[in-house]
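Some notes on the structure that comes next.
Coordinate-derived values only; no laboratory data. Please read these numbers as outputs of a predicted model, since none were measured by experiment. Cβ placement follows ideal geometry from the backbone for every residue including glycine, while neighbour counts extend to all protein chains displayed.
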Amino acid sequence: MLRGLMVVVSSFWPDMQARGFRAAERPHPNGALVSDMAILRALDARAFEPAFQPIVSVDDRRVAGFEALARLRIDPTTRLGPERFLPVAEREGRLGDVASVMIRAATCALAGWMAAGASPLFVSINVAQVDVESAELAPLVAGAIAEAGLPAGALKIELTENHMLRDLDAASARLRDLRKAGAHVLLDDFGMGYSGLAWLSRLPLDGIKIDRFFIQAMENDQRAAAILRAILGLAREMGLNATAEGVETPAQMAQLRDLGCDFAQGYLFSRPLLWADA
């Protein structure tokens, strides 16, 4: 099922390759050359595909879950990453389509893995600011969880710290609705925005994902390591789980274990993986 995993080992992997997973190619290097018209056609077709990147437990390096990363299929050989297609989708008012397709695709995939014996697992999905502020997100999440038959907490919704939420009280209410719908809420890219600490104190969160900057810098920068240690301590005090993003070396993984980080994600374990419907 999974190709390219280096040190991630779980008992249910060996006989799963035939179930349709293959290593996802990187988003097309010439994505800038793809016309907006081609992107609009793909948006009209709702041609979104999730690419799944494993998230592992720092303690034992077992797969704990996946992040579902959005790709837009332009043609059989060209897929674009969000940095190229999201500006077009936002301009055309189509961001809601991205969330709708991705949430349903990811929960369906997760249900299939769990039915095959891969349990417990979770899948996380990053949503746009407009989704967080929409009253439609919680019913969408509740419906997807119910249709897939997933347990509470199996779907995690990631809110990027750089989002400029216009009304924190309203956002808090929306996030509480998400949690009532059975999802967990994570604050993504923590440490790089100006509002992270305020959000920790005011938003109903279940976990944080620490920006890759601190992971990449901690080996050679004592200040970055001190900040990372403080972030992890704060997460523990607040009862939040912590995921380190951008883990690329065994030394980083060892340091994260020493610091008591819960989960890790990055190229040390695997690039994103496509679920092909062959």
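Before moving on, here are some points about what is shown:
- Global form of the stretch 134-278, assessed from the alpha-carbon gyration tensor, a/c cut-off 1.5: oblate
- Calculated FRET efficiency for the pair Arg257/Leu40, C-beta based, R₀ 51 Å, to 0.05: 0.65
- Exposure proxy order (Cβ contacts within 10 Å, fewest to most) of Asp206, Asp131: Asp206, Asp131
- Simple spin-label estimate for Glu133 and Ala152 in nanometres, 7 Å along Cα-Cβ: 3.0 nm
- Approximate shape of the stretch 17-275 as ellipsoid semi-axes (Cα gyration tensor, √5λ), whole Å, largest first: 27, 22, 20
- For Phe122, the residues whose amide H sits under 5 Å from its own are Gly65, Phe66, ignoring neighbours fewer than 5 places away on the same chain, with H placed 1.01 Å from N.
- Two-site label geometry, Ala173 and Ala225: point separation in nm, points 7 Å out along Cα→Cβ: 4.7 nm
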